[in-house]
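Peer 1: My questions will all concern the structure given below.
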Amino acid sequence: MPINRELIIPLGDLVNHEGNMYELTNAAIHRAEQISMAGSDDLDKNRGKIVSTALEEIISKKVQYEYQK
């Protein structure tokens, strides 16, 4: 059986992200928790990968976040 090596996490978009990586990581953690409880329309597209889906939604600005102190 051949191994599918297609990347799910959008690495190019991650590298080019201009915002704060700490904020992005924190947002992805919280979004992944939301997805694990409620699901997401993008989950099937990402083969059920919750963290990848969370990152893609945040980087593509489908899901907005803000850092609160």
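The values are calculated or read from the model by the stated rules, or taken from the named source; none is laboratory data. Predicted, not measured: the structure shown is a model, and the values here were computed from it. Accessible surface areas use protein heavy atoms only, side chains included; no ligands, DNA or RNA. Shrake-Rupley method; radii C 1.70, N 1.55, O 1.52, S 1.80 Å.
Peer 1: Quick one: pull the percent of accessible area on the chain belonging to carbon and sulfur, 1.4 Å probe, ligands and nucleic acids left out.
Peer 2: On the way: 2830 of 5400 Å².
Percent of accessible area from carbon and sulfur atoms in the chain: 52.
Peer 1: With all protein chains present, calculate the accessible area of GLU56 using a 1.4 Å probe and round the result to the nearest 10 Å².
Peer 2: 50
Peer 1: Can I ask one more? Whenever you get a sec, line up TYR67, TYR22 from highest to lowest accessible area (probe 1.4 Å, protein heavy atoms).
Peer 2: Numbers: TYR67 105, TYR22 140 Å².
Ranked list, largest accessible area first: TYR22, TYR67.
Peer 1: How large is ³J(HN,Hα), in whole Hz, for each residue of the range 33-40 in order, when computed from phi with the Karplus curve 6.51 cos²θ - 1.76 cosθ + 1.60 and θ = phi - 60°, using x for Gly and Pro?
Peer 2: In residue order, the calculated couplings are 4, 4, 5, 5, 8, 10, x, 7 Hz.
Peer 1: Could I ask something else about it? Which shape class, rounded, prolate or oblate, goes with the chain when its Cα gyration tensor gives a ≥ b ≥ c as root eigenvalues, a/c under 1.5 marks rounded, and past that a/b bigger than b/c marks prolate?
Peer 2: Working: a/c = 2.44, a/b = 1.39, b/c = 1.76.
Oblate, because a/c is 1.5 or more while a/b does not exceed b/c.
Peer 1: Could you sort LYS69, LYS62 by accessible area so the largest value comes first, with the probe set to 1.4 Å? List each step's numbers first, then the result.
Peer 2: Numbers: LYS69 225, LYS62 120 Å².
The ordering from most to least exposed comes out as LYS69, LYS62.
Peer 1: In addition: Counting only helical runs of four or more DSSP H residues, what would the 222 nm mean residue ellipticity of the chain come to if each run contributes -39,500 (n - 2.57) and the total is spread over all its residues?
Peer 2: Working: 3 runs with 33 residues, N = 69.
It lands at -14500 deg cm²/dmol.
Peer 1: Related question: If I stretch the segment between GLN64 and MET37 completely, what's the gain in nm (0.36 nm per residue apart, minus their alpha carbon distance), one decimal? Walk me through the numbers on the way to the answer.
Peer 2: Working: separation 27, 0.36 × 27 = 9.72 nm, distance 1.82 nm.
Difference between extended and current length: 7.9 nm.
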